[in-house]
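Read the structure below first, then the notes.
Just so it is clear, none of the values below were taken in a lab; they were calculated from the coordinates. Just so we're clear, the structure is a prediction, and the values are computed from it rather than from any experiment. Cβ coordinates were reconstructed from backbone atoms using ideal geometry, including for glycine residues, and neighbour counts include every protein chain displayed.
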Amino acid sequence: MDFQDYRNGEASPAAGAPSSRTSSDPREHLVVVGNGMAGCRAIEELLARDAGRYRITIFGAEPHVNYNRIMLSPVLAGEKTFDEIVINDRQWYADNDIDLIVDDPVVAIDRDGKTVTSRAGLTLPYDRLLIATGSDPFVIPVPGKDLPGVISFRDMKDVDTMLAAAADGGSAVVIGGGLLGLEAAHGLSLRGMKVTVIHLMSTLMERQLDEAAGWLLKTALESRGQTILTGADTAEIYGDGTVEGVRLKDGRDIPASLVVMAVGIRPATGLARDAGLDVGRGIKVDDHMVTSDPHVLAVGECVEHDGNVYGLVAPLWDMCRSLADGLTGRTNPYRGSVTSTKLKVSGIDVFSAGDFSGSGTGCEDIVLRDASRGIYKRLILQDDRIVGAVLYGDTADGNWYFDLLRKGENVADLRDGLIFGQAFAAGGGQADPKAAVAALSDDAEICGCNGVSKGQVVSCIAKGAHSLDAVRAGCKASASCGSCTGLVENLLALTLGDDVQTGPKTMCKCTSFTHDDVRKAIVERGFKEMPQIMQEMSWSTPDGCSSCRPALNYYLLCAWPGEYQDDQQSRFVNERLHANIQKDGTYSVVPRMWGGLTNPRELRAIADVVEKYNAPMVKVTGGQRLDIFGIKKEDLPAVWADLNAAGMVSGHAYGKALRTVKTCVGSEWCRFGTQDSTGLGVKLERMSWGSWMPHKFKIAVSGCPRNCAEATIKDFGVVCVDSGYELHIGGNGGIHLRGTDLLCKVASEQEALDYCAAFIQLYREEARYLERTAPWVERVGVDYVKRRIVEDEVGREALRSRFLFSQSFSQDDPWAQRAGGAEREQHAHMAQFRPISVEEMA
Amino acid sequence: MIGEWLDIGWLNEIPVRGSRTVPVQGGEEIAVFRTSDDKLFALANRCPHKGGPLSQGIIHGHSVACPLHNWTIALATGEAQGEDKGCTPTIPVKVDGGRVLICRASALKAAA
Ligand code: SRM
Ligand SMILES: Cc1cc2nc3c(=O)[nH]c(=O)nc-3n(C[C@H](O)[C@H](O)[C@H](O)COP(=O)(O)OP(=O)(O)OC[C@H]3O[C@@H](n4cnc5c(N)ncnc54)[C@H](O)[C@@H]3O)c2cc1C
Ligand code: SF4
Ligand code: FES
């Protein structure tokens, strides 16, 4: 689904032609103004209680179906697509018999005649009217505020404008250092713009954070390249015809081609006010969301309840439940909400709830700081009850504190361990996350984005959702920002024990992302260094582990050939020392023998090395070359120097790289040979040696279908026939024997080389680290590979040239570099210790 | 007099997230590790499993993954992590004025 469809195609204003469904429908007509989060949630709640009760029409000013507004930030940051944040697609409206009118705001309400009229001139009668118009962004009245290029951050249109501006590069100014402003700034800076945040107050997010946390946040954002100006007041926005910059009251000028105003929101009450409804700061409603007119209800950010207006989603869920109960004749008064906030800037965890100003009488603070881990936690207690919480750097216990806060629970008994989190406070200090979720009450909120409680998640699991994906589809928990994924997984484990079906496997324990997620992010978000990936994708460990580091190193190397600096400390010992470690800590050395060919000079050099370094064994490998065993790491550079002198280079017998190209004698000598299999083998090896791959890669070329080189159990195999070359892929002679699939047949040697290069590159770019071609081909399907390599000529050529480009940086013999002195410390001891015995001293 | 601490070289001779070795005559080789947060640790260069050279492992956090069978060894204690059981002797190490010093007595004991 692409949102463009809704805009240009089926989204004609009168879609569904509501007026045609006439008065013959005996049900009361409920008209909703506002197709946003509260309006649609109210309808969902209503449908859940009594699906057929009302005939429903929804008007939306935006050209879209109902989407999750809070996820606009991840869309801007490139972490989600619009499709992924749609809450209810067209099918939902159709399935529930709802008439949806998009891109056509209601402009007038006639309460006497009980009708609404839209901008396009459509007038509809209603029995009940629900106003859910949300908020309008507040625009500070400075000169230049109407210039093109000055926008707010409220809807998909704003995101589109920001993306277009970011595509041109340049600088952006975000006015307002609150939740919205910082999320906008983060997204724009990820999209490559130089971003300055202008904030009037002295601390960022001062409404949610105290000074200490605000400062940590500022430092973290600055270290990511944003400029943050606090205590800065905007005088004017200037520009000739379009924005050129912002001038501050202290005279400073900040050039910018885009200005995002995110200084606050105001309930959208114009329509209600014009209709004569009782309006204060918002549209006044009672405990069942009924306005001063009993036929008109209102819900969401546009309302004022009990003197309060809200700007976050959590209160909406509560409001919508009371509203739906009221509409179906039940009593369930809404009593106001306490809210908590999280900042959705990946890699920066910030949580705040309740009152943190600490000014109330009898308030006391509990503070924990861990500077080396960048953690700051503060709890504000009053009469042994939590009244506020600010968490920075480690927000795992946010939900628990918030739950205690909302319930007003007495925490006197927990006090000592409280700040260390739930697992600790519950006893022992031994973190058991399952016990922690088990201890949560049924109505504790699990997913803040979608307002899903623990009880709802558990009942969704009980109804058969036995995997994370199924829970996401079933009750939307963890389907949005994903910060509650861990909680949902623990609930799955708790409820099902061993029956949990695991989703795509995460890369390792350091991350909740899969190999594919990470690779995609590297390319799409332009990550060029390992610490950047770990930071941006919220690695849970400081510097990864022995599983993810080699994988990340490979992915970066593959994505940015010639640019990325290989990280030796992220390579397995064999690839770091360019030799195979043996069980006694010595190494084996396998020089390359192109296509299995050798000569007296090479053989003599190998014989000399064996003698000179007392190698206990030399053996012919299964890959048609010689393996010298038992070399000490200190001797490796000298051994290589001797082999280099005879013209030999590294055989990469140790690497996730091209290993051998096995050949048979072929048409040069063999009476059955159809083509020069040996010659082609040498050419293939010369083309592909030195290249790093997800796993090892073996090639073979046989001169006829007798297949003496065993080409049909290789990653890439060529079987020569009279009329050309059969190309085979995805074979494996190792743990699981797998015969190759036939890719295609080509007529010339050059084509065989070209197809091979393209195939290797496709494998390099798309297989997961440590996945050999056999399981990879089985996973993606041989048809997919054929489509990319055989059928798509342009694509094949592009793959081939990307491979050759990357090879231009990798065909330096690592042995020659080391023999020449590079990274000498890898092979030398730091010092020697020869203890002097007591007798010698005497 | 023989000092308490043995000077084995400059800190910057050990790569970050890397390791260097110090053989002890008549005894056991010592591996000195430098972690990403610039902490130093020294252990006997011998995995408690089958004697793998820990100096050649991948260092992550304050642990090293043995290059032979991927056991994880805590650098601070020499203890195998997780399900695996075993321990490698540790040697006190410190930095003074950019020079790396290891405890002489412990180096001898590990050697014994
Ligand atoms: C030296 C050699 C055995 C020999 O003396 O002939 C060998 C030795 C090792 N093989 Fe092999 N394999 C050797 C040919 C093969 C072959 C035959 C071939 O290449 O035609 C196969 C089956 C074909 C295949 O790969 O599809 C083979 C399938 C494996 C496997 C299973 C791979 C799989 O995907 O199932 C492993 C394990 C792995 O890679 O995880 C392995 C791993 C190893 C390792 C690297 C084990 C290790 O991790 O230490 C051995 C290193 C010994 C060393 O220090 O040199 N070796 N290994 C051969 C070196 C060939 C060369 O010249 O580079
Ligand atoms: C970028 C961003 C990030 C956010 N992040 C968070 C977060 O992390 N956590 C959180 O709790 N909250 C967050 N919020 C706030 C949250 O999105 C709102 O609280 C929520 O959307 C309010 O729902 P609503 O239905 O009242 O208003 P909206 O979702 O704005 O819906 C109102 C809809 O009514 C339409 N409308 C207005 N007037 C008319 C008319 N006359 N006729 C027809 N349609 C009309 C509007 O176009 C809009 O589509 C974020 C908001 C933004 C913009
Ligand atoms: S492949 Fe065919 S031609 Fe080559 S050696 Fe074997 S039988 Fe002979
Ligand atoms: S020798 Fe270290 S893991 Fe086996």
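With a cut-off of 13 Å between beta carbons, the residues surrounding A:D50 carry a summed charge of +1, where Lys and Arg count +1 and Asp and Glu -1. Here is the list for region A:526-564: GluC sites (Glu not before Pro) lying in DSSP coil, each with at most 16 other C-beta atoms within 10 angstrom of its C-beta, are A:E529, A:E563. Database remark: amide H of A:V174 closer than 5 angstrom to the amide H of A:T196, A:V197, A:I198, A:V260 (H placed geometrically; neighbours at sequence offset of 5 or more, or on other chains; Pro and chain starts carry no H). Label sites at A:N308 and A:A798, each approximated as a point 7 angstrom past Cα along Cα to Cβ, lie 5.3 nm apart. For the peptide B:64-77, the mean number of other protein chain Cβ atoms found within 10 angstrom of a residue's Cβ is 2. Entry note, region A:204-256: relative contact order of 20 percent, from Cα contacts under 8 Å with a spacing of 6+ residues. In this simple spin-label approximation, A:E364 and A:A493 carry label points 7 Å from Cα along the Cα→Cβ vector, and these lie 3.5 nm apart. Here is the short version for chain B: B:C87, B:C103 have no other Cys C-beta closer than 4.7 Å. Normalised by the number of residues in chain A, the average gap of Cα pairs under 8 Å and 6 or more apart makes the relative contact order 6 percent. Close amide H pairs (under 5 Å, H built 1.01 Å from N) link B:W10 with B:V100, residues at least 5 positions away or on another chain. Note on B:K50 and A:Q568: with the Förster distance fixed at 30 Å, the Cβ-Cβ geometry gives a FRET efficiency of about 0.75. Is the C-alpha gyration tensor of region B:8-112 telling us rounded, prolate or oblate? Criteria: a/c under 1.5 is rounded; beyond that, a/b larger than b/c is prolate, otherwise oblate. Note, shape of region B:8-112 comes out oblate.
What you get for the protein assembly as shown, charging only the Cβ of Lys and Arg (+1) and of Asp and Glu (-1), is a dipole of about 2420 debye around the Cα centre.
Take the alpha carbon gyration tensor of region A:533-670, find the square roots of its eigenvalues, order them as a ≥ b ≥ c, and report rounded if a/c is under 1.5; if not, report prolate when a/b exceeds b/c, else oblate.
Note, shape of region A:533-670 comes out prolate.
Amide H contacts for A:G245 (H built 1.01 Å from N in the peptide plane; partners 5 or more residues away or on another chain; cut-off under 5 Å): A:Y238, A:A256. Here the contact order of region B:20-82, divided by its residue count and restricted to Cα pairs under 8 Å and six or more residues apart, works out to 22 percent. Taking all Cα-Cα distances within the protein assembly as shown, those exceeding 38 Å account for 58%. Legend: calculated FRET efficiency, A:R252 to A:D278, from the Cβ-Cβ distance at R0 = 41 Å, rounded to 0.05, equals 0.35.
Annotation: the residues A:R549, A:R706, A:R154, sorted from fewest to most other C-beta atoms within 10 Å of their own C-beta, follow the order A:R706, A:R154, A:R549. The residues packed around A:R671, meaning those with a beta-carbon under 15 Å from its beta-carbon, carry a net charge of -2 if Lys and Arg are +1 and Asp and Glu are -1.
Ranking of A:V279, A:V309 by neighbouring Cβ atoms within 10 Å, starting from the fewest: A:V309, A:V279.
Rounded to 0.05, the FRET efficiency of the A:A439 and A:Q811 pair, given R0 = 41 Å and the Cβ-Cβ distance, is 0.10.
Per DSSP H run of n ≥ 4, the term is -39500 (n - 2.57); total these for the protein assembly as shown, divide by its residue number, and report the mean residue ellipticity at 222 nm rounded to 500 deg cm²/dmol.
Result for the protein assembly as shown: -8500 deg cm²/dmol, rounded to the nearest 500.
Put a dot 7 Å past the Cα of A:A108, heading toward its Cβ, do the same for A:D384, and the two dots end up 6.3 nm apart. Electrostatic bookkeeping for A:L440 treats Lys and Arg as +1 and Asp and Glu as -1; over the other residues with beta carbon under 10 Å from its beta carbon, the sum is -3. Of A:T678, A:T57, A:T514, the sequence from fewest to most neighbouring Cβ atoms within 10 angstrom is A:T514, A:T57, A:T678.
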